[in-house]
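A short write-up of the structure that comes next.
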Amino acid sequence: MSFASLGLSAPILEAVAEQGYKTPSPIQAQAIPAVLKGQDVMAAAQTGTGKTAGFTLPILERLAKGERARANQARALVLTPTRELAAQVGDSVATYGKNLRLSSAVVYGGVKINPQMMRLRRGADILVATPGRLLDLHSQNAVRFKQLEVLVLDEADRMLDMGFIHDIRKILALLPKNRQNLLFSATFSNEIRSLAKGLVNNPVEISVSPRNTTAKTVKQWICPVDKKRKPALLTQLIIEKKWEQVLVFTRTKHGANRLTRYLDEEGIKAAAIHGNKSQNARTKALSDFKNGDTRILVATDIAARGLDIDQLPQVVNFDLPNVPEDYVHRIGRTGRAGSRGQAVSLVSADEFKQLSDIERLIKQLLPRQLMDGFEPVHDLPESRLNHRPAKPKKPKKPKPGHKDGQRAPKKVTEGTNKPRVRRSVKGLV
Ligand code: AMP
């Protein structure tokens, strides 16, 4: 199948060809024709499936035909949970739309609002935004939605996890009733389904990778080790295995900072990316990592969610996540688009429960490999596959503040040791 057969026109096809994409990914093959027809879409798809082009390409195609955005108006609105994802979607819009006379803008919190207000005066055919900042801009009359034709909720599950549900509902109330709605989410929980009920009309449902399966191209293994020896083990692995570009996950922001300092002292260039870093620091850390100036990027789950780093060869779980679904998201950073990747977890005895939850979720036991000189004193018990379903968990209450670049500088809760609770419900279709 080709992109041309999906109904996209020459300026967009040229931009796609320039990216080197030969064939549409499964989500693109299904979403593009549906969006072009004007249908609502509900898609279960994670980062790495090509979902961004899946909605951006047909939106550009549709918008290219209509009247341009007037002052302070937006014709398509893409809501994302984090600043990083907003910036990435904004980049994709610019890349795929480079041969069209359409304008786009990206707005998110954590940076000055004035330049964004100035930018919106000219209107934006496509506006990419995080929810809190969008509401702030709206309350200052910097953006209006009279011309709005399409709404995209990207990573809707993450937005709910981060407590954005009230902001999303407020935004929905501001939009014209007659519009196209596209909902993308890695998982389809009951909460997402209830949000979808009042949002999408007779949607085309698309599911590309069954939920909670891990990419086959990722080699996964665990290395049992005592907790306090993890930093030294990681250093040894990086040096011995000559890993050049490694994304390392820690559970807490402090853990990320501590590990970054440790690696730097060992002469391994590392940077941390998490919710306490300024937007500029986060953008710089990411671009240094992408262009190879920084060898190790240490990230917390929320900061890393949605990061698109092409063909990342190596992911390390320095700590196992408390929420087993996060393991799947984490290792989704590697082994993209057919490239091989490796995901290693450093697991100490006190993380046995997390390990068991993960193995139950992905329905496989992770192979173990001990490293010479790092054999643990505190044994990691042997795991067995337990087929009992995970205990149902209570839905999480939305938080009053925002975690990621939004308005109120309230207490940041990312990275505490409290598990984030997510319901486990089967994916679509
Ligand atoms: P996404 O799931 O939108 O985050 O996209 C993941 C990655 O896949 C991005 O780096 C895209 O540039 C890349 N990509 C998107 N569509 C295609 C395609 N049809 N062929 C190859 N790569 C693609």
Exercise for the section: Scan around V152 for amide H atoms under 5 Å from its own, H built in the peptide plane at 1.01 Å from N, and keep only partners 5 or more places away or cross-chain. Expected result: L77, V78, L79, L182
Practice task
Calculate the spin-label point distance for V377 paired with R193, positioning each point 7 Å from the Cα along the beta-carbon direction, and give it in nanometres.
Solution key: 5.0 nm
Exercise for the section: Any of K241/K363; K197/K219; K219/K353; K22/K197 with alpha carbons more than 31 Å apart? Name them for me. Expected result: K197/K219; K22/K197
Exercise for the section: Using Cα positions and a limit of under 15 Å, work out the aspartates and glutamates in reach of K37, with same-chain residues fewer than 8 apart set aside. Expected result: E61, E149, E205
Exercise for the section: Run the quick spin-label model on Q140 and N291: label points 7 Å from Cα toward the beta carbon, then report their separation in nm to one decimal. Expected result: 3.0 nm
Handout entry: Projected label distance in nm at Q19 and H254, using a 7 Å step from Cα toward the beta-carbon
Key = 4.1 nm
Problem - Sequence-distant aspartates and glutamates (8 or more away, or on other chains) whose Cα lies within less than 13 Å of K146 - result: E67, D125
Handout entry: Other-chain or far-sequence residues with amide H under 5 Å of R144's (modelled H)
Key = Q73, A74
Handout entry: Computed lengthening from K284 to K242, 0.36 nm per intervening residue step minus Cα-Cα distance
Key = 12.7 nm
Fill in the blank from the handout: Rounded to two decimals, the Debye log10 I(q)/I(0) of segment 137-246 (Cα scatterers, no solvent) at q = 0.24 Å⁻¹ is -1.41
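Taken together, the values in this text are just the output of simple stated rules run on the coordinates, not laboratory data. This is a predicted model, so every value here is computed, not measured. Neighbour counts are summed over all protein chains in view; Cβ atoms, including those assigned to glycine, are modelled from backbone coordinates with ideal geometry.
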